[in-house]
Structure formats: C-alpha cells, structure tokens
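*Asks:* Sending over a structure as structure tokens; questions will come in a sec.
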Amino acid sequence: MKIGIDVKLLRSNSAGIKVYLESLLTELQKIDTENEYILFSPSPVSYKLFAKNFSYRILPTRLPGILWQQYELPHFVKAENIQVFWGPEQTIFLKKLRGVRKVLTVHDFVYRRFPKTMERSVRLITAYFGTRSIRKSDAIVCVSNFTAQELKTLYPSIQAEKIRVISNGIAEENTRTEFSKKEDFLFFSGSLEPRKNLQTLLTALEILAKKNIRPQLKIAGPAGWKNQKFLDQLKNSPIQNSVEILGFVSPQKLCELYQTCRGFVFPTLYEGFGLPALEALQNGARVLVSSHSPMQDFLGPLGIYFDPHRTESLATAIENFWMHPEKASYTKEENEKRLQILKQFSWENSAQKLKSLFENLGENSR
C-alpha cells in the first residue's frame, strides 16, 4: 500500500506539531517495512529518512503552503497512486480523489475556543480549511481524549466511528530514572504567543517579588506571534533581570533544562494535549500546570495546579512550591507513579495505532 503524508510543517521551527510529526515518522520507519510512504513538501526539509520504503517528493511552488496543499498537492497524490493520505497538522486537501482515503490529525480547537490568541492569518486559514478538513476526512485522529470530546461537542454531526484517539507520546529510552541536581530556576517551554499566558506568569512573579520571593525564570521556544505585549511588559518589569529568554534550543539542551529546573511552570490557557508537561514529567521535573486541562489526565496527583485566568492563583501556587524546596523532587512512591504514567505514553505505541488505521482504511478503499 502507498501512503502519502503532507510534511510541509517540517520546514519550520513550530515546536509541538513538528515534534509530533518527526517522532511518528521515526517510529513508523522502525515498525513498518511493508508499506511505501511518500512524503510531500513544497521545499526541502531537514528531517532525514533512514528506511528504504520512505521517500520525499519535493514539489517547488510559488504558492503559499495552504494553497499548495489545496490546489497542487492533489494532482501529485493522484499521480503517485496514493491509497491513504495523512494530514498531520489540522488541515488536508479538500478535493475528493477516487481511491484515496484521508486521515486528518486534530491537535486542538484554539481557533474556536481562543481565536483572539492566534495570528490572524493562521486563525482564518485554520478556521476555514480546518473545519472543512474535518468534514471531508475519512478518519480523524485526536491527540487526547480531551480533543476528541471537543470535536464531538463542536462538530456533533461527525460520525463517532470516524474519530480515533491516538495520543502524543515520548521516546521511552529518554525517560529519566536518575536525577540531576536541581538549580534555583523555574522553566517554561513553548512558543511566545498569547495562548501560553506568559503575561500572567510575569505578573504573578512580580507579585511574589514584592514579598521578596524571586525565582529565576528561563523561557525556551520559538518566537511565536503576538508577543509584543509580553516583551514590552518584560522590558518595563521590575524583575526583568530575573527572566531569561533562550529562544529555540536543541533537544539536548531542552532535556537539560527540564532536568535541572526546580519546577516546570506551564500557565497555558488552552492545549489539545500539553506535550511539554509530559516531557517535563519524563525528565523528572515537578510540573505546575493549568487546572481543567488535558494535562490533568496524565499528571493526576503529581501535578501542582492553578487557575490560569487568575494571577493570584498562579502566584500562590508558585509561592507554596518555591518556599518548600523539598517539593522539587519526587518521593519514592511518587516516582513509581511517574514511571507508571510514562509507560502509557510512547511514540512507538502511537505509531502502531496509526499504522493499523492506515492499513484498515487502505483495505476498505479497494
């Protein structure tokens, strides 16, 4: 069977979804030696393939990515006799191709729940093509139970049998069982964008500074968008010297930051899964995270929770954590629970489920 994948997102530094696609591609190459995979992109990407049954089709264009996807990509998919096509980033070409079954991954519904936190062009593209992609796909992969429930709520006409929950994961071999010495800083990983709620985090730290509680904060991740208000606030903040913006960091450096921080703080307003929180847990970091989020599903009692809409709630959570340094380390019982949780999330398991979905759809298309 021939499986096609839209991999244009690999051209960017988009943190979460890029990790998702690269991780699944790596595992699919390890576990599937029978099906042929063709990866389509309008320009070269840096991700290296190692399996002989995986190959690129680089298709230069003058069109923006979404228009390339909608108007040029279908012709190449048809020419390659693709049987199953996967769109891993919220959108897929809408044109119906005979004999081609379409799989769409849905990560979240920010464009419906928090549209003002998105860059306008991205919001409009996702709202228009994302909604239609959901309706035109033969199977919809949701990255968490939370996202699946959101899909059912927002699009009640979608048939339940089309929906599959295939969660994000972690590379099991990277799970930490021995821990680095903790250093006195809080850590955040993610794009600098309104949805990540960094202005509230900064205000909470300013409140604590007035009590002479001054945690250092390190921020890693791509620049994102609509970040000027946060940057202006930081520039004029009395604690600006306590905040370090690292920008995009290597995977090795990211793991080091997770492992050595006293706590990972993630005040996001909305997530479809919350992969940084799972990565922090994997690396032995204590996680302070938004309540009423999908991250509670895997963190359970190991998480430290706050209301991301209330600055005082976040400030109190940080204060209670920071004033008790012993909380930075997991107890023996907590660590056993941590390892049990992590065993439930692996990219290999996710890839196996995705492969089965591709094969089932391919069989039904004949």
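*Asks:* For the range 232-245, check the following and say yes or no: at least one residue is within 16 Å of the chain's Cα centre (by Cα) and closer than 20 Å to ALA328 by Cβ.
*Replies:* Initially, the range 232-245 is screened for residues within 16 Å of the chain's Cα centre (by Cα), giving none.
No - not one qualifying residue is present in the range 232-245.
*Asks:* Run LEU25 past the list (1) free of Cβ contacts under 8 Å to residues at least 60 places away in the same chain; (2) within 22 Å of LYS355 (Cα to Cα); (3) of a type in the set (A, V, I, L, M); (4) in contact with a helix residue (DSSP H, G or I) (Cβ under 8 Å, 6 or more places away or on another chain) and report the number of the one that doesn't hold.
*Replies:* Of everything listed in (1) free of Cβ contacts under 8 Å to residues at least 60 places away in the same chain; (2) within 22 Å of LYS355 (Cα to Cα); (3) of a type in the set (A, V, I, L, M); (4) in contact with a helix residue (DSSP H, G or I) (Cβ under 8 Å, 6 or more places away or on another chain), LEU25 misses just condition (4).
*Asks:* Just one of (1) buried (at least 22 other Cβ atoms within 10 Å of the Cβ); (2) part of a helix (DSSP H, G or I) trips up PHE85, so point out which.
*Replies:* Result: PHE85 passes all but (2).
*Asks:* Out of the range 320-341, which residues are among the polar types (S, T, N, Q), assigned to a helix (DSSP H, G or I) and surrounded by 12 or more Cβ atoms within 10 Å (Cβ to Cβ)? Steps first, please.
*Replies:* Start the filter on the range 320-341 by keeping residues that are among the polar types (S, T, N, Q), which leaves 320, 329, 331, 335, 340.
Filter again for assigned to a helix (DSSP H, G or I), leaving 320, 335, 340.
ASN320, ASN335 - these are the residues of the range 320-341 that are among the polar types (S, T, N, Q), assigned to a helix (DSSP H, G or I) and surrounded by 12 or more Cβ atoms within 10 Å (Cβ to Cβ).
Here's the yes/no breakdown for (1) within 29 Å of GLU150 (Cα to Cα); (2) free of Cβ contacts under 8 Å to residues at least 60 places away in the same chain; (3) in the same structural domain as ILE163 (by TED's automatic domain parsing); (4) assigned to a loop (DSSP other than H, G, I, E, B):
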position	(1), (2), (3), (4)
ALA51	no, yes, yes, yes
VAL77	no, no, yes, no
LYS95	yes, yes, yes, yes
ARG98	no, yes, yes, yes
LYS102	yes, yes, yes, no
ARG112	yes, yes, yes, no
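*Asks:* Could I ask something else about it? Applying the selection to the range 28-55, what residues are within 21 Å of GLN90 (Cα to Cα) and surrounded by 17 or more Cβ atoms within 10 Å (Cβ to Cβ)?
*Replies:* LEU28, TYR37, ILE38, LEU39, PHE40, SER41, PRO42, VAL45
*Asks:* Among the residues of the range 203-243 satisfying the criterion of being of a type outside the set (Gly, Ala, Ser) and in contact with a strand residue (DSSP E or B) (Cβ under 7 Å, 6 or more places away or on another chain), which is surrounded by the most Cβ atoms within 10 Å (Cβ to Cβ)?
*Replies:* In the first step, residues of the range 203-243 are kept if they are of a type outside the set (Gly, Ala, Ser); the result is 203, 205-208, 210-219, 222, 225-236, 238-241, 243.
Keeping just the survivors that are in contact with a strand residue (DSSP E or B) (Cβ under 7 Å, 6 or more places away or on another chain) gives 205, 215-219, 234, 243.
Values: LEU205: 25, PRO215: 21, GLN216: 17, LEU217: 22, LYS218: 19, ILE219: 22, LEU234: 18, VAL243: 19.
Selected residue: LEU205.
*Asks:* Out of GLU161, GLU172, GLU183, GLU178, which single residue is free of Cβ contacts under 8 Å to residues at least 12 places away in the same chain, out of contact with any Cys (no Cβ under 6 Å at 6 or more places or on another chain) and within 23 Å of TYR330 (Cβ to Cβ)?
*Replies:* Working: GLU161 fails: within 23 Å of TYR330 (Cβ to Cβ); GLU172 fails: free of Cβ contacts under 8 Å to residues at least 12 places away in the same chain; GLU183 fails: free of Cβ contacts under 8 Å to residues at least 12 places away in the same chain.
The unique qualifying residue is GLU178.
*Asks:* Report those strands (runs of 3 or more DSSP E) wholly inside the range 130-202 carrying at least 1 residues which are closer than 25 Å to GLN69 by Cβ.
*Replies:* Values: elements: 139-142, 163-165, 185-189.
Result: 139-142, 163-165.
*Asks:* While we're looking at this one, here's another question. Would you point out which residue out of PRO115, PRO156 is exposed (fewer than 15 other Cβ atoms within 10 Å of the Cβ) and modelled with pLDDT of 95 or more?
*Replies:* Values: PRO115 fails: modelled with pLDDT of 95 or more.
Result of the check over PRO115, PRO156: PRO156.
*Asks:* Spot the failing condition for LEU39; the list is (1) outside any strand (DSSP E or B); (2) at pLDDT 95 or above, and only one is missed.
*Replies:* (1)
*Asks:* Could you check the range 302-314 and list, in sequence order, the residues that are out of contact with any Lys or Arg (no Cβ under 7 Å at 6 or more places or on another chain) and part of a helix (DSSP H, G or I)?
*Replies:* THR311, GLU312, SER313, LEU314
*Asks:* Please state which of the following conditions PHE179 fails to meet, knowing it meets all the rest: (1) aromatic (Phe, Trp, Tyr); (2) over 30 Å from VAL249 (Cα atoms); (3) at pLDDT below 95.
*Replies:* (2)
*Asks:* For the structure I just gave you, tell me whether VAL141 is buried (at least 18 other Cβ atoms within 10 Å of the Cβ), under 21 Å from the mean Cα position of the chain (by Cα) and either assigned by TED's automatic domain parsing to the domain that holds GLU22 or more than 19 Å from VAL249 (Cβ to Cβ) (or both). Before you say what the answer is, go through the steps one by one.
*Replies:* Details: buried (at least 18 other Cβ atoms within 10 Å of the Cβ): yes; under 21 Å from the mean Cα position of the chain (by Cα): yes; either assigned by TED's automatic domain parsing to the domain that holds GLU22 or more than 19 Å from VAL249 (Cβ to Cβ) (or both): yes.
Judged against the criteria, VAL141 is a match.
*Asks:* Additional query: Could you tell me whether ALA317 is assigned to a loop (DSSP other than H, G, I, E, B) and either aliphatic (A, V, I, L, M) or not assigned by TED's automatic domain parsing to the domain that holds ALA148 (or both)?
*Replies:* Values: assigned to a loop (DSSP other than H, G, I, E, B): no; either aliphatic (A, V, I, L, M) or not assigned by TED's automatic domain parsing to the domain that holds ALA148 (or both): yes.
For ALA317, the condition - assigned to a loop (DSSP other than H, G, I, E, B) and either aliphatic (A, V, I, L, M) or not assigned by TED's automatic domain parsing to the domain that holds ALA148 (or both) - is not met.
Here's the yes/no breakdown for (1) over 21 Å from ILE17 (Cα atoms); (2) surrounded by 22 or more Cβ atoms within 10 Å (Cβ to Cβ); (3) small (Gly, Ala, Ser); (4) not assigned by TED's automatic domain parsing to the domain that holds SER23:
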| position | (1), (2), (3), (4) |
| --- | --- |
| PHE266 | no, yes, no, yes |
| PRO276 | no, yes, no, yes |
| LEU288 | yes, yes, no, yes |
| PHE298 | no, no, no, yes |
| TYR305 | yes, no, no, yes |
| ARG310 | yes, no, no, yes |
| SER313 | yes, no, yes, yes |
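The values are calculated or read from the model by the stated rules, or taken from the named source; none is laboratory data. Nothing here was measured: the structure is a model prediction, and the numbers come from that model. Heads up, the Cβs are rebuilt from the backbone with ideal geometry, glycines too, and the neighbour counts pull from every protein chain shown.
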